[in-house]
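Here is the structure we will look at.
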Amino acid sequence: MYYVTYSDEAPQAGAMTELRMFDPAKEEYFTVHDKPLPKELVKSRLVGSSHGWGVFLGSPNSILISDYCNPSSSKSNPKMIPLPPRSYEHSCQNELVSGVAMSSSPEEEDFVMAVKFTGRRVSIYRPGQHRKGNHRFSSTELFDYFEQANLMYSKRDQRFYMPSSGGHHLWSWDGIISTDSQYHDLRFHNLPQFSLSELQLLRSCYRTQHLVESPSGQRFLVKWSVQTLGRSVQSLAHRSVEFSFGGTKLFMVFREEEDMNMCYTQDIGDLCIFLGNNEPFCVKASSFPGLNPNSIYFIGDRYGEGYGVYDIATRTPRSFNPKSFSAFSDLPNGQGYVLPNWLPHWIPPFPL
């Protein structure tokens with residue numbers, strides 16, 4: 001996880017920034033110093049990430065992919081991959097993004113990326129595509145259930161998936177513009193039992209749905225319930241990062257079985273799920289000593305979601321317990337700023 005900070009009064013091309021990173025396995029910080037801010041990113045918004053690459057929207061209609069926020073990228077010459085211009089529309093929905101997913105690293109030949117804008121629009125991009133490379137789903141009432149949906153790319157099926165609000169349906173497509181999308185009904189089994197007080201709490205929560213695929217191809221649907229704290233995070237002023245689990249109250253995990261049957265589970269074995277402002281991903285805890293198996297690592301600032309680890313078996317969130325707070329509190333010259341609209345993301349281990 002990272003924040004990008006700078007010490008000048010306003011971000012400008014060439015301004016020295018720092019990547020302030022958090023390692024969830026060690027629960028420690030480290031900082032990548034002295035990264036000049038590329039001119040292409042000065043007025044851009046980081047709207048999502050996948051495979052360690054950030055997706056940036058500029059104005060009025062530019063979109064590009066960069067590894068700038070990856071600690072292994074070049075400090076002086078991060079990679080920038082421009083994508084075909086967006087077809088500009090005079091609508092706020094053209095500026096709001098709810099999900100980003102990539103089929104692979106953008107440097108691979110068969111790379112395809114999907115961006116879910118608020119509303120009924122999903123755009124598909126390929127680097128080097130000269131025409132305006134976006135694909136829109138048709139405006140149907142059914143698609144309203146996917147108003148603010150997240151995205152995931154399945155390596156197993158080689159398809160993009162998008163869960164609906166409420167998580168009762170999926171829409172999928174294989175990334176080829178001429179291919180029709182498919183609509184899937186989900187059937188849920190082994191539903192958990194809640195007390196009356198728990199049900200009342202959950203009814204007061206904001207909920208998002210996330211589909212994630214394990215390295216072996218097993219898929220899970222995760223429902224994230226948050227009691228919104230109503231706090232604003234898009235500020236130029238320096239702020240401390242408070243590592244508490246905020247408004248996060250509950251995660252419900254459903255394992256996908258045959259024919260789109262989803263079975264509630266409190267045991268995903270040796271796996272860890274990472275949810276945030278990035279495309280969801282899943283890793284084996286045993287491959288990264290320090291990670292807790294059967295857990296969800298989450299970050300979120302938009303609705304007060306918080307930062308922490310959720311034990312799926314005990315249905316209990318806990319805040320991170322960093323050994324030192326210096327990497328996020330000791331800013332240059334006693335003051336600094338977090339880049340506006342650059343919310344923190346999880347970066348998956350490499351190779352993924």
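The values are calculated or read from the model by the stated rules, or taken from the named source; none is laboratory data. Computed from a prediction, not measured in an experiment: that's the story for all the values here. Cβ coordinates were reconstructed from backbone atoms using ideal geometry, including for glycine residues, and neighbour counts include every protein chain displayed. When the accessible area is computed, the model is the full protein with side chains, heavy atoms only, and any ligands, DNA or RNA have been set aside. Shrake-Rupley method; radii C 1.70, N 1.55, O 1.52, S 1.80 Å.
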* Within segment 310-346, which residues are among the basic types (Lys, Arg) and either modelled with pLDDT under 90 or open to solvent by less than 10 Å² (accessible area, probe 1.4 Å) (or both)? -> LYS323
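Yes/no matrix, rows are residues, columns are (1) more than 23 Å from ASP174 (Cα to Cα); (2) modelled with pLDDT under 85:
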residue	(1), (2)
PRO11	yes, yes
GLU18	yes, yes
LEU37	yes, no
LEU41	yes, no
SER50	no, no
SER72	yes, no
ILE81	no, no
GLN93	yes, yes
GLY99	no, no
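A quick yes/no check of all residues on (1) basic (Lys, Arg); (2) in a loop (DSSP other than H, G, I, E, B); (3) over 22 Å from the mean Cα position of the chain (by Cα):
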residue: GLY269; (1), (2), (3): no, yes, yes
residue: PHE274; (1), (2), (3): no, no, no
residue: ASN278; (1), (2), (3): no, yes, no
residue: SER286; (1), (2), (3): no, no, yes
residue: PRO289; (1), (2), (3): no, yes, yes
residue: TYR297; (1), (2), (3): no, no, no
* To do: Please name all residue pairs, on different chains or six or more residues apart, with Cβ atoms under 6 Å, provided the first residue is in segment 107-120 and is under 16 Å from ARG159 (Cβ atoms) and the second residue is open to solvent by less than 20 Å² (accessible area, probe 1.4 Å) and of a type in the set (Phe, Trp, Tyr).
  => MET113/TYR125; ALA114/PHE160
* List, please: which pairs have Cβ atoms under 9 Å, are six or more places apart or on different chains, and start with a residue in segment 289-309 that is without any contact (Cβ under 8 Å) to a residue 40 or more places away in the chain and buried (at least 21 other Cβ atoms within 10 Å of the Cβ) and end with one that is part of a strand (DSSP E or B) and not charged (D, E, K, R)? -> SER295/LEU271; SER295/CYS272; SER295/ILE273; SER295/VAL309; SER295/TYR310
* Asked: What are the residues in segment 45-78 that are touching a Gly at 6+ places or on another chain (Cβ under 6 Å) and either assigned by the TED database to the domain that holds PHE281 or crowded, with 22+ Cβ neighbours inside 10 Å (or both), if any?
  -> LEU46, VAL55, SER66, CYS69
* Selection status of GLU257, modelled with pLDDT of 85 or more and surrounded by fewer than 20 Cβ atoms within 10 Å (Cβ to Cβ) -> yes
* Asked: Among the residues of segment 209-217, is there at least one that is within 30 Å of PRO349 (Cα to Cα), crowded, with 19+ Cβ neighbours inside 10 Å and either charged (D, E, K, R) or without any contact (Cβ under 8 Å) to a residue 60 or more places away in the chain (or both)?
  -> yes
* Structure fact -> Residues in segment 28-55 that are of a type outside the set (Gly, Ala, Ser), in contact with an Asp or Glu (Cβ under 9 Å, 6 or more places away or on another chain) and assigned to a loop (DSSP other than H, G, I, E, B) total 1
* Does THR248 satisfy being at pLDDT 95 or above, surrounded by 15 or more Cβ atoms within 10 Å (Cβ to Cβ) and of a type in the set (Ser, Thr, Tyr)? -> no
* Asked: GLY306: farther than 25 Å from PHE160 by Cα and either outside the structural domain of HIS210 (by the TED database) or among the small types (Gly, Ala, Ser) (or both), yes or no?
  -> yes
